[in-house]
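Asker: Encoded as structure tokens, here's the structure I'll be asking about.
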């Protein structure tokens with residue numbers, strides 16, 4: 001008789017934390033910033049902008065991310081071609097923007113961000129939107145190659161996807177002054 005797999009409380013959160021820790025610092029910062037913008041958690045400009053250029057970039061991102069509620073509502077219930085027309089073009093366009101920022105350099109980092117921005121129902125559509133956005137000519141050929149090589153065969157050909165909600169949503173962490181903390 002096969003033994004039933006039981007989820008250990010907190011194990012998935014820990015796995016998500018480990019996955020996030022495996023991303024480079026630029027990807028981590030961009031994911032946290034994007035979640036603040038996309039989920040309207042804090043004032044992203046106040047929290048994340050270090051200069052006028054970054055402030056302008058966040059404003060553009062805020063404008064583009066206003067489409068997230070519409071994209072979430074358009075997530076198809078099935079794989080019929082007719083049901084993807086209202087969803088995939090918008091998702092690919094937004095994905096192209098995020099990949100074009102040069103901070104998301106792999107499918108795992110992209111998937112991590114978009115699972116949180118859109119929810120678990122978007123999982124089946126993320127490999128296709130990633131590949132489409134990563135193939136667009138606005139990216140340097142070396143960048144396109146790196147992005148496309150980052151998606152595993154298992155991710156690209158998965159027979160099914162989890163419907164479990166993500167549990168770890170990384171946030172801004174203030175730096176600690178170790179001299180003051182030691183006292």
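Asker: So if I check each of 153, 165, which one is more than 17 Å from the chain's Cα centre (by Cα) and closer than 25 Å to residue 21 by Cβ?
Answerer: Residue meeting the stated conditions: 153.
Asker: For region 135-143, does any single residue satisfy the condition of being crowded, with 20+ Cβ neighbours inside 10 Å and over 10 Å from the mean Cα position of the chain (by Cα)?
Answerer: no
Asker: Based on what the data block shows, is residue 159 surrounded by 18 or more Cβ atoms within 10 Å (Cβ to Cβ) and not in a helix (DSSP H, G or I)?
Answerer: It is false that residue 159 is surrounded by 18 or more Cβ atoms within 10 Å (Cβ to Cβ) and not in a helix (DSSP H, G or I).
Asker: Could you say which residue among 92, 71, 84 is surrounded by 17 or more Cβ atoms within 10 Å (Cβ to Cβ), more than 18 Å from residue 116 (Cβ to Cβ) and modelled with pLDDT of 95 or more?
Answerer: Just one listed residue meets the conditions, 92.
Asker: Would you check if residue 11 is under 21 Å from residue 165 (Cβ atoms), surrounded by fewer than 12 Cβ atoms within 10 Å (Cβ to Cβ) and modelled with pLDDT under 90?
Answerer: Yes: the conditions hold for residue 11.
Asker: Now for a different question. Do we have residue 129 as buried (at least 16 other Cβ atoms within 10 Å of the Cβ), over 21 Å from residue 159 (Cβ atoms), under 17 Å from the mean Cα position of the chain (by Cα) and at pLDDT 95 or above here?
Answerer: The answer is no for residue 129.
Asker: Is it true that some residue in region 109-125 is in contact (Cβ under 8 Å) with a residue 12 or more places away in the chain, surrounded by 19 or more Cβ atoms within 10 Å (Cβ to Cβ) and more than 12 Å from the chain's Cα centre (by Cα)?
Answerer: Yes, region 109-125 contains a residue that is in contact (Cβ under 8 Å) with a residue 12 or more places away in the chain, surrounded by 19 or more Cβ atoms within 10 Å (Cβ to Cβ) and more than 12 Å from the chain's Cα centre (by Cα).
Asker: Take the residues in region 144-156 that are assigned to a helix (DSSP H, G or I) and modelled with pLDDT of 95 or more; name whichever of them is surrounded by the most Cβ atoms within 10 Å (Cβ to Cβ).
Answerer: Among those that are assigned to a helix (DSSP H, G or I) and modelled with pLDDT of 95 or more, it is 147.
Asker: Show the residue pairs meeting these rules: Cβ distance below 6 Å; 6+ apart or different chains; first residue within region 87-106 and over 18 Å from residue 69 (Cβ atoms); second residue surrounded by fewer than 19 Cβ atoms within 10 Å (Cβ to Cβ).
Answerer: 96/136; 100/138; 103/26; 106/150
Asker: Still on this model: Identify all residues within region 14-44 that are more than 17 Å from residue 95 (Cα to Cα), crowded, with 16+ Cβ neighbours inside 10 Å and without any contact (Cβ under 8 Å) to a residue 40 or more places away in the chain; write none if there are none.
Answerer: Within region 14-44, just 44 meets the criteria.
Asker: Can I ask one more? Across region 96-124, what is the number of residues that are part of a helix (DSSP H, G or I) and under 21 Å from residue 78 (Cα atoms)?
Answerer: 11
The values are calculated or read from the model by the stated rules, or taken from the named source; none is laboratory data. This structure is a prediction, so every number in the text was calculated from the model and none was measured. Here the Cβ is made from the backbone with ideal geometry for all residues, glycine too, and neighbour counts use every protein chain on show.
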